[in-house]
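S.K.: I have a structure I would like to understand better, so I am pasting it below and will then ask my questions one at a time.
The values are calculated or read from the model by the stated rules, or taken from the named source; none is laboratory data. The shown structure was predicted, so the numbers you read here are calculated from the model rather than taken from an experiment. Glycine also receives a Cβ, built like all others from the backbone with ideal geometry; neighbour counts cover every protein chain displayed.
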Amino acid sequence: MQEHIFPTYFLSHGGGPWPFMKEHVGNRYDVLEASLKDIPRQIGLRPKAVLVVTAHWEGPQFLVSASPRPGMLYDYSGFPPHTYQIQYPAPGDPALAAQVKDLLDAAGHPARLDHERGFDHGTFSALYPIYPQADVPLVQLSLKHGYDPLTHIEVGRALAVLRRQGVLIAGSGLSYHNLRQFGQPGAIASHQFDAWLRLVMAQPPAQRLEHLLHWDQAPGARQSHPYEDHLLPLMVALGAAEQEAAQVVYHEDDFAGALAVTSFRFGESHAA
């Protein structure tokens, strides 16, 4: 029987708790939602757990959520009252969290287990369309202060073994994230940077890596990412599938009315 190796993903996760605001957002997120709902078909098998590298968590070292029953973290403001009552009751996976810590420690990137961390909206908003029953265990991995691209790629390399153990690795961020220039003010920069990013993702692994290490020199880069917290999950997802081709699994040219945004899969689809 052929070994099943899960692909990895970089997910542009949209804005706030959008899956729980259908009456407010209308069809604005239909394309994103359809792309997320298609992931179970692409990966072919139900994973034993999902490891989410979240743009909404960072520390002086890598942090790994280790609660068996994570709570919720409503890390947004100005949304309707009901969005502060959302529940996504997926279980945690303390054993996987401990393994992630061990893998990072062994790779020279010491990590710490966090037994209190709940699911932030970068996790539950992205995962709800994929697994609406909240019945697949989730573990969150933080970013590390300093935002060094190579460090996050090396972390992905260290975690690659999990893909052969039934774990789906998903980086949750956004390919454009400048809240001060969201919508039309960011249109030119987002289209420049997104076009560059899609071109880079199509290159052979060595060239792709070199470009990503110097991503801030790309057209529109710093206007698209004044802080690269929403880009760094891409580095981890790529590092875990470094020699494999990237495939665009979601793209819009008019997100928030004007922005170009993209999600990628690294590795082959297992869809029948």
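S.K.: All but one of (1) in contact (Cβ under 8 Å) with a residue 12 or more places away in the chain; (2) more than 19 Å from the chain's Cα centre (by Cα); (3) part of a helix (DSSP H, G or I) hold for LEU113; which doesn't?
M.R.: Failing condition for LEU113: (3).
S.K.: Across the range 1-20, which residue is nearest to GLU252 (Cα to Cα) among those that are modelled with pLDDT under 95 and surrounded by fewer than 23 Cβ atoms within 10 Å (Cβ to Cβ)?
M.R.: Among those residues, the one meeting the criterion is GLY15.
S.K.: Something else about it: Among (1) more than 17 Å from the chain's Cα centre (by Cα); (2) basic (Lys, Arg); (3) within 18 Å of VAL249 (Cα to Cα), there is one condition LYS37 misses while meeting the rest; what is its number?
M.R.: Single failed check for LYS37: (1).
S.K.: Do we have any residue at all in the range 180-192 that's crowded, with 22+ Cβ neighbours inside 10 Å and not aromatic (Phe, Trp, Tyr)?
M.R.: yes
S.K.: Could you grab me the full set of residues in the range 194-213 that are out of contact with any Lys or Arg (no Cβ under 9 Å at 6 or more places or on another chain) and without any contact (Cβ under 8 Å) to a residue 60 or more places away in the chain?
M.R.: Of everything in the range 194-213, those that are out of contact with any Lys or Arg (no Cβ under 9 Å at 6 or more places or on another chain) and without any contact (Cβ under 8 Å) to a residue 60 or more places away in the chain turn out to be TRP196, LEU199, GLN203, PRO204, PRO205, ALA206, GLN207, ARG208, LEU209, GLU210, HIS211.
S.K.: Right, next: I'm checking my understanding of the structure. Among residues of the range 243-262 that are closer than 15 Å to ALA202 by Cβ and in contact (Cβ under 8 Å) with a residue 60 or more places away in the chain, which one is surrounded by the most Cβ atoms within 10 Å (Cβ to Cβ)?
M.R.: Here the answer is THR262.
S.K.: Can LEU127 be described as farther than 30 Å from GLY257 by Cβ, hydrophobic (A, V, I, L, M, F, W, C) and under 15 Å from the mean Cα position of the chain (by Cα)?
M.R.: no
S.K.: Kindly evaluate THR54 against the criterion of being crowded, with 16+ Cβ neighbours inside 10 Å, within 15 Å of the chain's Cα centre (by Cα), over 21 Å from GLU244 (Cα atoms) and modelled with pLDDT of 95 or more.
M.R.: yes
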